[in-house]
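Okay, handing you the structure first.
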Amino acid sequence: MSNSLLSLSKKTSFKGIYKKETKRGTAFIARFTVNKKTKAQIIGYENDGMSEYDAYKRRLELISSHELAAAAERYSESELYIPKLFLQFIAFREALLASKTNKNYKSIYNRYIFNDYRGKDIRSVTKNDLQEYINHLLTYRRPATVEKIVSAFRKFYLYLQDNGIYKYNPAATLVMPKYDNKKYFSMPRKDVNKFIKYIFGIENKIYRTIYLMLLQGRRINEVLTLEWGNICFTQKIYHLHYSKTKTRKNQHFHLEEFQIQALKLLREQNLDSRFVFENQKTQKPVTYTSFFKQHKKLRKDLSLPNFNIHSIRHLVGFLMVNSGYSLEITAKILGHANIQSTQRYAVLEMEKARFAYKNISQKYFVS
């Protein structure tokens with residue numbers, strides 16, 4: 001059956017995905033092997049808006065669902081242990097999510113699921129059990145952390161339902177207390193100035209240029225994985241592939257002259273490198289750990305113990321909003337999907353607030 005379906009089809013650039021002209025239009029066909037049996041199946045049509053990448057994601061879902069269906073048949077009454085099922089859930093979603101999200105799921109498994117649900121059969125856990133567990137976590141964990149665990153539980157149980165492994169979903173109506181999950185950021189002007197002066201004075205060209213790119217408001221992983229092919233010096237822009245961004249969208253940003261000059265100096269230093277910030281020995285990007293050592297030194301030298309690497313991104317947003325630019329423009333610069341994420345920077349500097357209050361108090365309160 002699979003051979004006849006694949007006849008006259010053409011391979012795409014994505015593994016296991018083929019295109020074939022049919023009466024309904026261009027069809028995407030997924031070819032995959034489960035339990036040593038090769039299968040082929042039409043999974044969508046181009047005129048319905050499906051792209052090659054969408055087809056590839058659907059193929060991964062199909063493989064997982066077929067494997068899980070086969071596994072569900074083999075499960076005995078003693079094998080429905082939560083840690084084992086949660087690992088399968090992580091594997092199922094891994095190819096579909098950003099690396100940071102996958103890392104969060106693995107962290108939840110290692111810190112909570114493995115330790116707190118070891119040997120626990122999923123059929124023995126009720127909604128009340130889960131709610132009591134969440135309430136207990138709230139006594140010593142931040143609400144934002146617990147909210148991520150609740151979200152993971154909900155998606156975990158939905159995954160079990162969708163794949164016919166377990167029908168009951170006790171996580172669907174878990175209750176979380178209301179809280180303010182925004183991280184407000186502000187920084188005195190003198191600290192901003194000494195930070196800027198410090199990074200321009202860093203001797204190491206790679207580390208200095210990493211900081212200059214972080215001043216674009218980029219996330220550290222977006223900067224470290226930047227390739228020379230992403231940069232167009234003539235147009236003074238660079239682009240980030242959707243696989244590297246948190247929003248999972250292609251993004252384009254302009255470069256300022258000081259950034260262009262720093263990048264050109266790096267390029268002259270190594271014309272054969274693929275990555276902008278490449279370790280010459282490994283020919284791979286400079287690691288986060290390596291850069292963190294430099295940033296740790298910066299925090300110590302500037303007496304800014306709480307100024308982490310991601311704080312540079314917050315700093316850019318803070319300076320944009322406090323310079324009078326709209327949340328929409330700031331969101332565009334930071335690559336936010338919506339302005340809700342940007343509202344945390346709408347915090348006036350204390351000096352501006354003091355000056356404003358002085359004006360109105362002299363005008364209205366002091367006779």
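The values are calculated or read from the model by the stated rules, or taken from the named source; none is laboratory data. Everything numeric here is computed off the predicted structure, so don't read it as measured data. A quick note on method: Cβ atoms are made from the backbone with ideal geometry, for glycine too, and the neighbour counts reach across all protein chains shown.
So that you can scan it fast, the table gives a plain yes or no per residue for (1) over 24 Å from Glu203 (Cα atoms); (2) touching a Cys at 6+ places or on another chain (Cβ under 6 Å); (3) crowded, with 18+ Cβ neighbours inside 10 Å:
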position: Tyr238; (1), (2), (3): yes, no, yes
position: Gln280; (1), (2), (3): no, no, no
position: Ile312; (1), (2), (3): no, no, yes
position: Leu315; (1), (2), (3): no, no, yes
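Show the residue pairs that are 6+ apart or on different chains and have beta-carbon atoms under 9 Å apart, the first residue being within region 303-323 and within 18 Å of Tyr288 (Cβ to Cβ) and in the same structural domain as Phe292 (by TED's automatic domain parsing), the second being of a type in the set (Ser, Thr, Tyr) and surrounded by fewer than 18 Cβ atoms within 10 Å (Cβ to Cβ).
Ile309/Tyr288
Run down Lys84, Lys120 and say which single residue is charged (D, E, K, R), farther than 15 Å from Ala171 by Cα and in contact with a strand residue (DSSP E or B) (Cβ under 7 Å, 6 or more places away or on another chain).
None of the other options fit; the residue is Lys120.
Could you tell me which residue of region 151-166 is farthest from the chain's Cα centre (by Cα), considering only residues that are modelled with pLDDT of 90 or more and either buried (at least 19 other Cβ atoms within 10 Å of the Cβ) or assigned to a loop (DSSP other than H, G, I, E, B) (or both)?
My answer is Leu160.
Also, I was wondering about something else. Of everything in region 258-280 that's touching a helix residue (DSSP H, G or I) at 6+ places or on another chain (Cβ under 9 Å) and part of a helix (DSSP H, G or I), which residue is modelled with the lowest pLDDT?
Going through the qualifying residues, I end up with Gln269.
For Leu226, indicate whether it is crowded, with 19+ Cβ neighbours inside 10 Å, at pLDDT below 95, on the phi < 0 side of the Ramachandran plot and in contact with a Pro (Cβ under 9 Å, 6 or more places away or on another chain).
Yes.
If the Cβ limit is 7 Å and pairs must be 6+ apart or interchain, which residue in region 184-202 that is more than 20 Å from Gln216 (Cβ to Cβ) and aromatic (Phe, Trp, Tyr) pairs with which residue that is at pLDDT below 95 and surrounded by 12 or more Cβ atoms within 10 Å (Cβ to Cβ)?
Tyr184/Arg344; Tyr184/Val347
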